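Chemist: Please see the structure below; I have some questions.
The values are calculated or read from the model by the stated rules, or taken from the named source; none is laboratory data. Source: prediction; values computed, not measured. A quick note on method: Cβ atoms are made from the backbone with ideal geometry, for glycine too, and the neighbour counts reach across all protein chains shown. The area values use the complete protein model at the heavy-atom level, side chains included, leaving out ligands, DNA and RNA. Shrake-Rupley method; radii C 1.70, N 1.55, O 1.52, S 1.80 Å.
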Amino acid sequence: MSDDHAAHGDSHYVKIWAYLLVFLIISFVGPMLEIQWLTLVTAFGIAGIKAYLVVVNFMHINAAPRFVTYAVTTTLVFMLLFFAGAAPDVMQSSGTNWIKPAWIEAERAYEAGEVSGGGHGEAAGHGDEHGDGHEEAAGAHH
Amino acid sequence: MSRPIATTRSMAGIPTARLAVWWIIASEIAIFGGVLGSYLMHRLAHGIWADYAANTNEWLGLTNTFILLTSSLAAVLAHQAAERGDGKRAANLLYATCAGGLAFLCVKAYEWNYEISHGMTITSNTFWSFYYTAAGIHALHVIAGCILMLFVAQTAKRNEELHRVEIIGVYWHFVDVVWIFLFPLLYIAK
Amino acid sequence: MAESIPVGHGADHADHGDHGHHEMSFTEKYVFPLDHKMIAMQYMFTGMFMAIIGGFFAYVFRMQLAFPGIEVPGFGVVTPAAYNSLVTNHGTIMIFWVAMPVLIAAFGNYLIPLMIGADDMVFPKINRLSYQVFLVSAFVILGAFFVEGGAFGGAWTAYPPLSTKAEYNLSGLGSTMWITAVFLEFVAFLLGGINFITTAMNSRAPGMKMWDIPMVVWMIVIASILFMLSVGPLLAGGIMMIFDQNLGTAFFDPDRGGDPILWQHLFWFFGHPEVYVVLLPAVGIVADVITTFSRKKLFGYKTVLYTAIGTGVLSFTVWAHHQFIAGIDPRMANVFTVTTLLISVPIAEMLFVYIATLYGGSITLTTPMLWALAFIFEFLIGGVTGIFLGASGNDIFMHDTYFVLAHFHYTFYPIAIIGTFAGFTYWFPKMFGKMMNEGLGKLHFWLTILTFNGIFLPLFVLGAAGQHRRIYDFQNYPELAQPWMQDIRQFATICLCVMLGAQLIFFYNVIKSWMSGPASGKNPWRANTLEWTAASPPPHGNWPEGLPNVYRGPYEYSHPDREEDYWPQNEPA
């Protein structure tokens, strides 16, 4: 991209907008096929593409000095770091000296098919097939 | 009062206001990163949450995405008009962007009203808590953006402070990008 | 309150440059100022006011610990609920309403434009807004003491469920006010921080390259960036906590599908970088003070800078060492142990650089220099005891004892108190145009330092003996009620009382020097950096005669080719 981003005519932006709409339709239709991996690809892959289009073409990140890109990327990396550090605990339903009663109950109910998607259930864990996964609760800390 | 000389310098090779808005965006990424990261941890751990997510209305989500993308187009066209020195057109396009924001909020209000009246409230379970919190924080950003945009349009109309049109535009696009990720996270991924 | 304290009187009426074309009213000048120096003074004096409150809290609960059940003079009998509120708010206030506003906001506002040769911050109105939001947050946290149920008493880390359930923390509205105040304070510093970063990046004087920026400016900017990148998750977490308290959501309630450890992660992901957010400005202040008073170039300018950046990056990877006994995944505890021990490397490197700077210099032991040297010495103790606690195996034994408490007071006290006094006494001539009384300054220094060690060194012993934190009355625990332990507690409390009393010397010194101290002139310390080329105190706009240019780095002391032992940055070669 150029530092003379003003040089594009308005038609350029309309074109980008049209691309965005096409991608929006794809991401919307994708999940209707009800194939899990395809849903993930269309939903999140396309969200990434759309975000890229907006950031580059509308926000003109390339026209700003390089450090702007680095700053934004660094923030994203730190958020990934947060996820990586917290997820191993938060995604468990029990651990050293603690359990999360509601999670374990919901997991059981979900596996038994008792819970539909309605509003009034407790949060549920989907059965951790690999068995070592538990959610957590500091509640039972001795 | 007039600006300090400090504001007019640009040692880093980027106008001060544009530099500042990028830093604001970086800090906003951390805010949304916190709430969406926490949401994702729960979402990935719970198969049942996909069933909850099925209760959201993806047609309304689709409409809102369309509205925000289109308002972003208006914002970037306003920036182009401002670059050409056409303050009048820039102001009008900003008003159009604002109207998009309003339409977004109206759809949101209808959607929340429907969901709450059908028993899916913020206290129903953790999924719905995250749903209302994440979308609510985003909606607050939409409201803030609209209000700021009205101020910017006011000055742009008089052909003053035209550089502000780009700044508010960049912020608005960021709000748009956040929604681009909220849409699959809350609506379509099942 | 603090905003009405008039400072920098005299030269502010100068008519110059782009602003100040009319005589400003009192309100415009002191209550709603746009001038960065006045906003800095507002932050400084609000911070000092809050420090007095935080210190008073410490006095009250230390008296309760040393002499359980007595009627504390100036407060009365301390109830368990009051004790909880006092320790909670002592921690919160000292970190968020003293260390942050004084070290970052006050010094940042005062020094950044002056040291980079600009006439003001880039966004004066946002700067003013930042202080106003901060002031509101201060009212909110203090206001919590006057609502029903009293102030929040769930510890400054606010772990759920203690913080989210009124039946546990016994303060319904108080706890919401606490988290609201913290939230507002963060918003204020985000506004201020973005201003600092943008100013330092964009508004430097012509000729001031990356390596010509004084270390304290670098440090405040890096600290602002760290703050900005780390505070987001906690802001999100704060909203979630407010919802948990008031709307009945269950983000942090394991009985209803939430997760209390999520809060701990959100909190410490910010909370640990926060240590470095307040540390780095103090490190920067010390760099400027020791180079000036040892008349030597900073040994390894880039080393300090790169280690600061390295510390910043590493500080994002260590947060869970606060949670070793919270039941986190033991494998993750290993990772966090390694990163925690690693982060001592860059910090040690900085201290070595400072010692190398001192080596062979012609040292003058002025009051600011004494404070700077004390910072190096005392922070060293804090850092070394941190290594004990960083190892997860040891931490399981030490966790939540007074050993931890003494450790972090040995880090925060040098940062927030010693670092601030070093900076304040060093820049006092610039801020007020008067010299401080050296005799009183040194008396204050020695009394403060000796009593500080008198308070916290014994607490290491108590902590290693198993004395737990956040206990209202140790007499209820026979193994902690032994006479020798109570003697130590009383000794620490007496030291605290002497230390608090010693601060009266400081305030007397400030007021007396300000009123009748000898005039300082522009550059009393014969220092190089740009602020010393402006009038003392600098007028609105800083250099009415024209902004300076920069020709060299900030630490060119004792250059062999020059007759004078300093070489101001703005002097053409």
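Chemist: Which value, in Å² and to the nearest 10, is the accessible area of C:ILE126 when all protein chains are kept and the probe is 1.4 Å?
Modeler: The value for C:ILE126 is about 60 Å².
Chemist: Another question, then. In the Gaussian network model of chain B, springs joining C-alpha atoms below 10 Å, which of B:VAL35, B:VAL152, B:VAL170 carries the largest mean-square fluctuation?
Modeler: B:VAL35
Chemist: What part of the accessible area of the protein assembly as shown, given as a whole %, is carbon or sulfur when the probe is 1.4 angstrom?
Modeler: That fraction is 68 percent.
Chemist: Next up: Compute the helix-to-body angle for C:260-294: its Cα long axis versus the longest principal axis of chain C, expressed 0 to 90° and rounded to tens.
Modeler: On a 0 to 90 degree scale, this one is about 30.
Chemist: Now, a different point. Can you list the lysines whose alpha carbon is less than 26 Å from that of B:LYS108, not counting same-chain residues fewer than 8 positions off?
Modeler: A:LYS50, B:LYS190
Chemist: Give the B-A buried accessible area in Å², both sides summed, 1.4 Å probe, nearest 100. Walk me through the numbers on the way to the answer.
Modeler: Values: alone 10150 and 10380 Å², together 15550 Å².
Summing both chains' loss of accessible area gives about 5000 Å².
Chemist: Given labels modelled 7 Å from the Cα in the Cβ direction, how far is it in nm from C:ILE309 to A:LEU40?
Modeler: Reported label-point gap for C:ILE309 and A:LEU40 is 3.6 nm.
Chemist: Still on this structure, I have one more. If you take the C-alpha gyration tensor of the protein assembly as shown, multiply each eigenvalue by 5 and take the square root, what semi-axes do you get, largest first, in whole Å? If you can, show how the numbers build up before the last one.
Modeler: Values: eigenvalues 395, 291, 109 Å².
In descending order the semi-axes read 44, 38, 23 Å.
Chemist: Determine the per residue accessible area of chain C with all protein chains present and a 1.4 angstrom probe, expressed in square angstrom.
Modeler: 33
Chemist: Also, quick follow-up: Take every Cα-Cα pair in chain C and report what % of them are more than 39 Å apart.
Modeler: Values: 41339 of 163878 pairs.
Value for chain C: 25 percent of Cα pairs lie more than 39 Å apart.
Chemist: Could you name the lysines in cross-link range of B:LYS157, using Cα to Cα under 16 Å and dropping any fewer than eight places away on the same chain?
Modeler: B:LYS88
Chemist: Between helix C:367-390 and chain C, what is the angle of the helix's C-alpha long axis to the longest principal axis, kept within 0 to 90° and rounded to the nearest 10?
Modeler: 40
Chemist: How high is the FRET efficiency from C:ASP255 to C:PHE491, r the C-beta distance, R0 45 Å, rounded to 0.05?
Modeler: Approximately 0.50, to the nearest 0.05.
Chemist: Report, in listed order, any pair from C:LYS29/C:LYS209; C:LYS442/C:LYS512; C:LYS37/C:LYS434 with a Cα-Cα distance greater than 25 Å.
Modeler: Long pairs (Cα-Cα over 25 Å): C:LYS29/C:LYS209.
Chemist: Give the accessible area for C:LYS37 in Å² (nearest 10); use a 1.4 Å probe, count only protein heavy atoms, and leave out ligands, DNA and RNA.
Modeler: 10
Chemist: Per the Kirkwood definition applied to all pairs of different Cα atoms, how many angstroms is the hydrodynamic radius of segment B:33-190? Write out the running numbers ahead of the final one.
Modeler: Details: mean 1/r = 0.0609 Å⁻¹.
Across segment B:33-190, the inverse of the average 1/r is 16.4 Å.
Chemist: Another question, if that's okay. Roughly how much of B:CYS106 is accessible, in Å² to the nearest 10, using a 1.4 Å probe?
Modeler: Spelled out: B:CYS106, probe radius 1.4 Å, area about 80 Å².
Chemist: For the pair C:ALA573 and C:ASN246, how long in nm is the line joining their label points, each one 7 Å along Cα→Cβ?
Modeler: 6.2
Chemist: Between segment C:149-211 and segment C:253-323, what's the alpha-carbon centroid distance in Å?
Modeler: Here the two parts' Cα centres lie 16 Å apart.
Chemist: Same structure again: Ignoring ligands, DNA and RNA, what accessible area per residue does chain B give at 1.4 Å, in Å²?
Modeler: Details: 6150 Å² over 190 residues.
Accessible area per residue: 32 Å².
Chemist: Now for a different question. Using a 1.4 Å probe on protein heavy atoms only, how many Å² of accessible area do C and A hide from each other, summed over both chains and rounded to 100?
Modeler: Working: alone 21280 and 10380 Å², together 29570 Å².
Adding both sides of the contact gives about 2100 Å².
Chemist: Could you rank C:SER130, B:SER2 by how accessible they are, 1.4 Å probe, largest area first?
Modeler: B:SER2, C:SER130
Chemist: Also, I was wondering about something else. On a full-extension model of 0.36 nm per residue, what is the gain between C:ASN476 and C:VAL498, subtracting their alpha-carbon distance, rounded to one decimal in nm?
Modeler: 5.1 nm
Chemist: On a 0 to 90° scale, report how tilted helix B:126-157 is relative to the longest principal axis of chain B, with both axes built from alpha carbons and the result rounded to the nearest 10.
Modeler: Value to nearest ten degrees: 20.
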